[in-house]
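**Q** One structure coming up, written as structure tokens, with questions to follow.
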Amino acid sequence: MLLIRCPYCEEERPELEFRNAGEAHVVRSANMAATSDEDFEKYFFIRSNPKGVIYERWRHIHGCARFFNAVRDTVTDKFVMTYKAGEPKPKKLPGVAK
Amino acid sequence: MAASYRISGAGRFSHAKVAKFSFDGRPYAGIEGDTLASALLANGVHLAGRSFKYHRPRGILSAGAEEPNALVEIRRDAARRTPNVRATVQELYDGLEAASQNRWPSLSFDVGAVNDAFSPLFSAGFYYKTFMWPKTAWKSLYEPKIRAAAGLGVAPDQPDPDHYAARFAHCEVLVLGGGAAGLAAALAAAETGVRVIVVDEQADFGGALRFEAGARIDGQDGWTWAQGVVARLKAMDNVRVLNRTTAFGYYAQNFIGLVERVSDHLAAPGRDLPRERLWQIRAKKVVLATGAIERHMVFADNDRPGIMLVSAARTYLNHYGVAVGRNVGIYTANDSAYAAALDLKKAGVNVAAIVDLRDNPSGELVDQARAANIEIHDGRAVVRVGGKLRVNSMTVQKRTGGGERTLPIDALLMSAGWTPSVHLFSQSRGKVAFNDEVKRFLPGTYAQDCVSVGACNGTDGLAASVDEAYAAGAKAAKEAGGKAAKSAKPKVEASEGWSRGMLGAAPGAGPGTTVKAFVDFQNDVTAKDIRQAVHEGMRSIEHVKRFTTNGMATDQGKTSNMHGLAIAAEELGKPIPQVGLTTFRAPYTPVTFGSIANHARGALFDPTRRTTTHGWAEKHGAVFEDVGQWKRAWYFAKAGEDMHAAVNRECVTVRKTAGLFDASTLGKIEVVGPDAATFMELMYTNPWQKLAPGRCRYGLMLREDGFIYDDGVVGRLAEDRFHVTTTTGGAARVMNQMEDYLQTEFPQLKVWLTSISEQWAVVAVQGPNSRKIIEPLVEGIDLSDEAFPHMSVREGKICGVPTRLFRMSFSGERGFEVNVPADYGEAVWEALWAEGQKHGACAYGTETMHVLRAEKGYIIVGQDTDGTVTVNDAGIDWAIGKKKADFVGMRGMMRPDLVAPGRKQLVGLKTKDPNVVLEEGAQIVADPSQPIPMKMIGHVTSSYWSENCGRSIALGLVAGGREKMGQTLYVPMPDRVIEVEVSGTVFFDEKGERLNG
Amino acid sequence: MAKGAVKSAPAGVERRPALAGREATGKSVKVEPLGPAERVSLRASAESVASLSRALGLTLPQKPKTSAAKGSRIALWLGPDEWLVFDEEGKDLLGDCAKAKQLHSAVGISHRNVAISVSGPAAEACVNAGCPQDLSLAAFPVGACSRTVLGKAEIILYRPAEDAFRVECWRSFSDYVFTFLSEAARDAAA
């Protein structure tokens, strides 16, 4: 069971309190009606599924109930960092060599 | 009564406390403190089981959890039968009943032992090669036969009557292993004041000090010191000491699974005691002090009963006071065997000879053995042993060949050296590194915040181990926030040296030989099997492992891994590190399903959710159905009624007069804030801005991909407040989807969501007399059609308690849904029931609710839709707000495939024979005479007998269905083809006049 | 009148709380249902906190895992804009919230939740049978609170004293949660 730092509760909490919510930073168009089929496909169906660093959404559903973002390494399962929903993708990751 | 191999004055337990037990029906006596293994040995019993594949007689190899042979069944009663218990771990209690396994008809005469005679047939990879053809025989013949022949014990066939507990725990320092190193580490950490948990799988702490008689620490013998440390640790508030507890799994971020055996060692466990307790521990730092496991020698017939590890024989003598024989031979490649010989000699046991593979062994212990007149045959090997059910001789030959000499013995002790126990380190994803100098795999790269100390870290010698462990415990505690340690580090004054040893097959079992020299006792893998695997092309050790099964299953290669690897490396002509080590898997030793399930069984398997009227419904004949975790009244059977009769009566009664239905399980969400209507517009297809407070509207929710996700009636309580209902099954996911959009897509909206599903109990009162039933109980609400039309909501009182009263209908009749605070739910139901009785109303369940809504063509999301149905498919386009700029699913529903012609559309289906009721899920075809496989153009989603219509009714999804009105389609069934006519979806009161009737 | 039933305000039907009459005792822990309380799910952004605090007569806690108590009234921080406020004397919380002029959402949930008391020297061990959080006094001191899980149910956990916890769950989960705690109490020792 992983320990996940909730950026709202400001501490690490057991994974049992959380639920994964898929890839982060997938932007819903402000003008959905005008979205092309191709753009809708990218928005709704296409995910990066990387080996290594992934940006994903989690919800502290059995805690503060907030959605937030996390950077995790899919190989080691280690969380690099977490940050609040709406905050931009971090430019620099702590402890990750380029 | 002293058993014959019990040595008076030896061992740590009183001979006075006798514990009687039986093995295979024969009565024996042991003493309290014994394990089953030590008690059997005290009675001169070595033969303990039969092997897995060849059914060879097997004895007791070890004195601990690494035991591969002596696996027995422990029986407390008919239901409490535990197979595959290690006799070396099971503590004796008075009345213990044990039985050997894997033999028929008896342990000494086992028919299955013919496998041994035919063993050339059963060589490595046998299953893979032999049972490949013909393919069809695998399922019908080979697999059942192999399954019957394979496996060790027999699983119990009754429900487990014991109970199991669980605990989450946190600590700064977790010490795994309670030998000298573990105790030193725990002591150092504990004195800093941080939380420490120290764990050992044995009944008593002490580890190798159980047998290492020469150790002296802090002026005491090693064992006494260890018990003193345990007493000190137990007295500290910040320390938890867990004996009989196995760390079986090491998971991410220092999350460790432990099983504590709470009552398996007790003669009469109290009913309140769990059998086992699962500990899930999160530790800031882990100290691995898991010790080392002695290896056996790989030589011909090294599995005969009476042949065991040197350390085991020494444990039986020094800890349990049991001699494993009267005339014992020793076969070794390292020094620790000499200490055992001296101990045995001192206890009056004759040591026939020490056979040492090494030329001219030297050192203090060797000198002492010589001084004690123990025969030493150096540079020699044991090439053969005599005896089948018990070893009776050993044949010794020079390592290089030549003349043989046979010595009579009744037990043979062997030691090829010690393998650091890196199982948990390996499970933690740490990488081991091969130390070529000492020929051992040792912890190399760490993946988690842990440290290895003592023998498992390759540290030789007690003094060095204790020093290392104490320093590591203090450091871990300090890093985890502890203060500086106060007391002095334990001082080791005397210890025994354990020098190296050898890996692989001993002389006489090397390349070119065909003898059965076992590498893995539990999986019956010999040195020859490993070589054969290499000959057949296995290059990776992972392939060799799977081909031969070496190191697999519950044993996880505790004694066998290094030997197997060395033999494969020799055969491949490669150095050991290039061949690599297989991964150690969790669990370290087998874990019961009971401890993993722990509390989650029976009533606690999963929450059972009941509504407030559950008790009333039970008293009134309700039969319940499961809807998710909910128990819902399905129908209310009167005396003599079957389900069909009850549902028909309920359906007719509701339309004739009225019925009461518990609708409490529907999800309810209160949406509050100035932007509530804006948010609702985005979440639902419908328009909400203009819905007046006090009015309701059917709401339809899509997923972003344009498919129907949920629905429900929504009431607007105020400009800034909506009372939203969802389906029962959708309650949690709708709330989650709403929160998701609100928090991450539309965070600018000033609106909040609160689940009120369980705040309100809901009684649906439906039928032409529904108003008459509620009228006398309601205060403060004008119930006239003018003041309170269909699809309205009012707040007031009913039965003197607050209500949110909805005028709405899921039956097509005039109807109300009475929401009251849940603690009043049952009492308000009873009051409504009393009023209803005056009008001949009934209580009805979910089945009648389903029939009534199907008569009206109202869909049920999840039954008539399946996640691939669009609004247009369902024929409810009217629910879409045409002028809206955005809502979830608006773009998705315009995708090319979702607007293409020929999609399946929801239609009514009337069977030509009105008495025939279709099966839900049945497929629909246009032409029943076409060859199989037929082209399926749709399926039945809902189907019932409608007593109100006097015929069967059904809904189905049919390709281009709305263009097929009046056409005949066919539903092929196994025994016949049913003709159906495509119709509209409303079967009853098509004009909807009864809503105000 | 059923056991544990409470008579409601004038001429009303009786109130029948879940778990009425149930109790479980272990070696050093007692599990018992707590009586009805007035409860509000309060949602508001930071700028409304002062106004709501005045209206409620206690300072809404703004740090994670903390609570504030005044008289019979207690507010638990559940999330950055969410509090569970309860009043064990049944004083009108919704009415008080309505006095706050600043933007907020107050929803009555008095009947949604059921409260269970776990008390005694082994209370912490009892809750830890199914709750994965670190409940030591250092990590979860007196006054700490959190939404979390117990076995397969969601709970709200509040520690009113060193050896006592208040466990709240939704009404239909209360049988599960109570049964779980009862079984855990059988095993838990301090």
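The values are calculated or read from the model by the stated rules, or taken from the named source; none is laboratory data. For clarity, every value in this text was computed on a predicted model and none was experimentally measured. Don't worry about glycine lacking a Cβ; one is built from the backbone with ideal geometry, like all the others, and counts go over all protein chains shown.
**Q** For the subset of the range B:737-769 comprising residues that are away from chain C (no Cβ under 12 Å) and assigned to a helix (DSSP H, G or I), which member is nearest to B:M680 (Cα to Cα)?
**A** Filtering first and then ranking leaves B:M738.
**Q** With respect to B:D343, is the statement that it is in contact with a helix residue (DSSP H, G or I) (Cβ under 8 Å, 6 or more places away or on another chain) and either surrounded by fewer than 18 Cβ atoms within 10 Å (Cβ to Cβ) or not assigned by TED's automatic domain parsing to the domain that holds B:G207 (or both) true? Outline the logic, then answer.
**A** Working: in contact with a helix residue (DSSP H, G or I) (Cβ under 8 Å, 6 or more places away or on another chain): yes; either surrounded by fewer than 18 Cβ atoms within 10 Å (Cβ to Cβ) or not assigned by TED's automatic domain parsing to the domain that holds B:G207 (or both): yes.
Criteria met by B:D343.
**Q** Hey, among B:E795, B:E830, which residue is touching a residue at least 60 places away in the same chain (Cβ under 8 Å), of a type in the set (D, E, K, R) and facing chain C (nearest Cβ under 9 Å)? Let's see the steps before the verdict.
**A** On the way: B:E795 fails: facing chain C (nearest Cβ under 9 Å).
Answer to the check: B:E830.
**Q** Look at B:A854 and say whether it is touching a Ser or Thr at 6+ places or on another chain (Cβ under 6 Å) and either part of a helix (DSSP H, G or I) or surrounded by fewer than 18 Cβ atoms within 10 Å (Cβ to Cβ) (or both). Steps first, answer last, please.
**A** Working: touching a Ser or Thr at 6+ places or on another chain (Cβ under 6 Å): yes; either part of a helix (DSSP H, G or I) or surrounded by fewer than 18 Cβ atoms within 10 Å (Cβ to Cβ) (or both): yes.
Yes: the conditions hold for B:A854.
**Q** Kindly establish whether A:E15 is facing another protein chain (nearest Cβ under 7 Å), of a type in the set (D, E) and over 28 Å from B:D886 (Cβ atoms). Before you say what the answer is, go through the steps one by one.
**A** Working: facing another protein chain (nearest Cβ under 7 Å): no; of a type in the set (D, E): yes; over 28 Å from B:D886 (Cβ atoms): yes.
Spelling it out, it is not the case that A:E15 is facing another protein chain (nearest Cβ under 7 Å), of a type in the set (D, E) and over 28 Å from B:D886 (Cβ atoms).
**Q** If I filter the range A:31-85 down to residues being polar (S, T, N, Q) and touching a residue at least 40 places away in the same chain (Cβ under 8 Å), which single residue comes out as nearest to the other protein chains (Cβ to nearest Cβ)? Full working, then the answer.
**A** Of the range A:31-85, the ones polar (S, T, N, Q) are A:31, A:35-36, A:48-49, A:69, A:74, A:76, A:82.
Subsequent filtering for residues that are touching a residue at least 40 places away in the same chain (Cβ under 8 Å) retains A:69, A:82.
Values: A:N69: 9, A:T82: 14 Å.
Per the stated criteria, the residue is A:N69.
**Q** Then there's this: Checking C:E47 against (1) among the acidic types (D, E); (2) touching a strand residue (DSSP E or B) at 6+ places or on another chain (Cβ under 6 Å); (3) not assigned by TED's automatic domain parsing to the domain that holds C:I116, which test does it fail?
**A** Among (1) among the acidic types (D, E); (2) touching a strand residue (DSSP E or B) at 6+ places or on another chain (Cβ under 6 Å); (3) not assigned by TED's automatic domain parsing to the domain that holds C:I116, C:E47 violates only (2).
**Q** If you go through the range C:45-54 one residue at a time, do you hit one that is under 19 Å from the mean Cα position of the chain (by Cα), at pLDDT 95 or above and not hydroxyl-bearing (S, T, Y)?
**A** No, the range C:45-54 has no match at all.
**Q** Being of a type in the set (D, E, K, R) and within 14 Å of another protein chain (Cβ to nearest Cβ): is that true of B:E847 here? Quick ask: steps written out before the conclusion?
**A** Working: of a type in the set (D, E, K, R): yes; within 14 Å of another protein chain (Cβ to nearest Cβ): no.
No; evaluated as a whole, the condition is false for this residue.
**Q** Let me ask something additional. Among the residues of the range B:709-723, is there at least one that is under 22 Å from B:G836 (Cβ atoms) and in contact with a helix residue (DSSP H, G or I) (Cβ under 7 Å, 6 or more places away or on another chain)?
**A** no
**Q** Here are C:I116, C:I155: which of them is in contact with a Phe, Trp or Tyr (Cβ under 9 Å, 6 or more places away or on another chain) and away from every other protein chain (no Cβ under 11 Å)?
**A** Working: C:I155 fails: away from every other protein chain (no Cβ under 11 Å).
Result: C:I116 is the single residue among C:I116, C:I155 that is in contact with a Phe, Trp or Tyr (Cβ under 9 Å, 6 or more places away or on another chain) and away from every other protein chain (no Cβ under 11 Å).
**Q** Given the condition within 25 Å of B:A831 (Cα to Cα) and surrounded by 15 or more Cβ atoms within 10 Å (Cβ to Cβ), answer yes or no: does some residue in the range C:37-56 qualify?
**A** Keep residues of the range C:37-56 that are within 25 Å of B:A831 (Cα to Cα), which gives C:37-38.
Those left that are additionally surrounded by 15 or more Cβ atoms within 10 Å (Cβ to Cβ): C:37-38.
Yes, because at least one residue in the range C:37-56 is within 25 Å of B:A831 (Cα to Cα) and surrounded by 15 or more Cβ atoms within 10 Å (Cβ to Cβ).
**Q** Looking at this structure, is C:A100 away from chain A (no Cβ under 14 Å), surrounded by fewer than 21 Cβ atoms within 10 Å (Cβ to Cβ), out of contact with any Pro (no Cβ under 9 Å at 6 or more places or on another chain) and more than 27 Å from B:G193 (Cβ to Cβ)?
**A** Numbers: away from chain A (no Cβ under 14 Å): yes; surrounded by fewer than 21 Cβ atoms within 10 Å (Cβ to Cβ): yes; out of contact with any Pro (no Cβ under 9 Å at 6 or more places or on another chain): yes; more than 27 Å from B:G193 (Cβ to Cβ): yes.
For C:A100, the condition - away from chain A (no Cβ under 14 Å), surrounded by fewer than 21 Cβ atoms within 10 Å (Cβ to Cβ), out of contact with any Pro (no Cβ under 9 Å at 6 or more places or on another chain) and more than 27 Å from B:G193 (Cβ to Cβ) - is met.
**Q** Now for a different question. Please verify whether B:K838 is out of contact with any Phe, Trp or Tyr (no Cβ under 9 Å at 6 or more places or on another chain) and over 30 Å from B:Q689 (Cβ atoms), treating the condition exactly as stated.
**A** On the way: out of contact with any Phe, Trp or Tyr (no Cβ under 9 Å at 6 or more places or on another chain): yes; over 30 Å from B:Q689 (Cβ atoms): yes.
Answer is yes for this residue.
**Q** Could you please find all residues in the range A:32-78 being within 14 Å of the chain's Cα centre (by Cα), of a type in the set (S, T, N, Q) and part of a loop (DSSP other than H, G, I, E, B)?
**A** The answer is A:S48, A:N49, A:T74.
**Q** Still on this model: What strands (runs of 3 or more DSSP E) completely inside the range B:279-338 contain at least 1 residues that are surrounded by 24 or more Cβ atoms within 10 Å (Cβ to Cβ) and in contact with an Asp or Glu (Cβ under 7 Å, 6 or more places away or on another chain)? Give the steps one after another, and end with the answer.
**A** Values: elements: B:292-295, B:307-309, B:327-332.
Output list reads B:307-309, B:327-332.
**Q** Which count do you get for residues in the range B:157-180 that are facing chain C (nearest Cβ under 10 Å) and farther than 18 Å from B:L242 by Cβ?
**A** Qualifying residue count for the region: 1.
**Q** Please pick out the residue among B:G815, B:G840, B:G836, B:G800 that is farther than 22 Å from B:R716 by Cα and buried (at least 22 other Cβ atoms within 10 Å of the Cβ).
**A** Among B:G815, B:G840, B:G836, B:G800, only B:G836 is farther than 22 Å from B:R716 by Cα and buried (at least 22 other Cβ atoms within 10 Å of the Cβ).
**Q** Right, something else. Quick check: is even one residue across the range C:65-72 in a strand (DSSP E or B) and within 11 Å of chain B (Cβ to nearest Cβ)? Working first, answer last.
**A** So the first thing to find is which residues in the range C:65-72 are in a strand (DSSP E or B), and the list is C:67-70.
Restricting the remaining residues to those that are within 11 Å of chain B (Cβ to nearest Cβ) gives none.
No, the range C:65-72 contains no residue that is in a strand (DSSP E or B) and within 11 Å of chain B (Cβ to nearest Cβ).
**Q** Is there any pair linking a residue in the range B:568-596 that is part of a helix (DSSP H, G or I) to one that is among the hydroxyl-bearing types (S, T, Y) and surrounded by 20 or more Cβ atoms within 10 Å (Cβ to Cβ), with Cβ under 9 Å and at least six apart or on different chains, and which?
**A** Every condition considered, the pairs that remain are B:G594/B:Y164; B:S595/B:Y164; B:I596/B:Y164.
**Q** If you take the residues in the range B:377-396 that are without any contact (Cβ under 8 Å) to a residue 40 or more places away in the chain and surrounded by 19 or more Cβ atoms within 10 Å (Cβ to Cβ), which one is nearest to B:F518 (Cα to Cα)?
**A** Out of the qualifying residues, it is B:R380.
**Q** Here are some residues: B:A469, B:A463. Which one is crowded, with 20+ Cβ neighbours inside 10 Å, aliphatic (A, V, I, L, M) and assigned to a helix (DSSP H, G or I)?
**A** Details: B:A463 fails: crowded, with 20+ Cβ neighbours inside 10 Å.
Answer to the selection: B:A469.
**Q** Here's another thing I want to ask about it. Taking helices (runs of 4 or more DSSP H) that do not extend beyond the range B:601-710, which have at least 1 residues that are within 14 Å of chain C (Cβ to nearest Cβ)? Before the answer, list the steps.
**A** On the way: elements: B:614-619, B:643-656, B:676-683.
Correct list: B:614-619, B:676-683.
**Q** Collect the residues in the range C:30-44 that are among the small types (G, A, S) and in a loop (DSSP other than H, G, I, E, B), keeping them in residue-number order.
**A** Result: C:G35, C:A37, C:A44.
**Q** Somewhere in the range B:549-563, is a residue at positive phi, touching a residue at least 12 places away in the same chain (Cβ under 8 Å) and in a helix (DSSP H, G or I)? Steps first, answer last, please.
**A** Filtering the range B:549-563 for residues at positive phi gives B:549, B:551, B:553, B:556-557.
Next cut, touching a residue at least 12 places away in the same chain (Cβ under 8 Å) only: B:549, B:551, B:553, B:556-557.
Checking the rest, the ones that are also in a helix (DSSP H, G or I) come to B:553.
Looking through the range B:549-563, at least one residue is at positive phi, touching a residue at least 12 places away in the same chain (Cβ under 8 Å) and in a helix (DSSP H, G or I).
**Q** Among the residues of the range C:125-141, is there at least one that is more than 11 Å from every other protein chain (Cβ to nearest Cβ), among the hydroxyl-bearing types (S, T, Y) and under 23 Å from C:A75 (Cα atoms)?
**A** Within the range C:125-141, none of the residues are more than 11 Å from every other protein chain (Cβ to nearest Cβ), among the hydroxyl-bearing types (S, T, Y) and under 23 Å from C:A75 (Cα atoms).
**Q** Conditions first: (1) free of Cβ contacts under 8 Å to residues at least 40 places away in the same chain; (2) over 26 Å from C:A139 (Cα atoms); (3) crowded, with 16+ Cβ neighbours inside 10 Å. C:G21 passes all but one, so which condition is the exception?
**A** The number of the failed condition is (3).
**Q** May I ask you to say which residue of B:A79, B:A42, B:A63, B:A98 is at pLDDT 80 or above, hydrophobic (A, V, I, L, M, F, W, C) and loosely packed, with under 15 Cβ neighbours inside 10 Å? Quick ask: steps written out before the conclusion?
**A** On the way: B:A42 fails: loosely packed, with under 15 Cβ neighbours inside 10 Å; B:A63 fails: loosely packed, with under 15 Cβ neighbours inside 10 Å; B:A98 fails: loosely packed, with under 15 Cβ neighbours inside 10 Å.
Unique residue meeting the criteria: B:A79.
**Q** Next question. Go over the candidates C:V107, C:V149 one by one and state the one that is within 11 Å of another protein chain (Cβ to nearest Cβ), touching a Leu at 6+ places or on another chain (Cβ under 6 Å) and of a type in the set (A, V, I, L, M, F, W, C).
**A** Every option except C:V149 fails the conditions.
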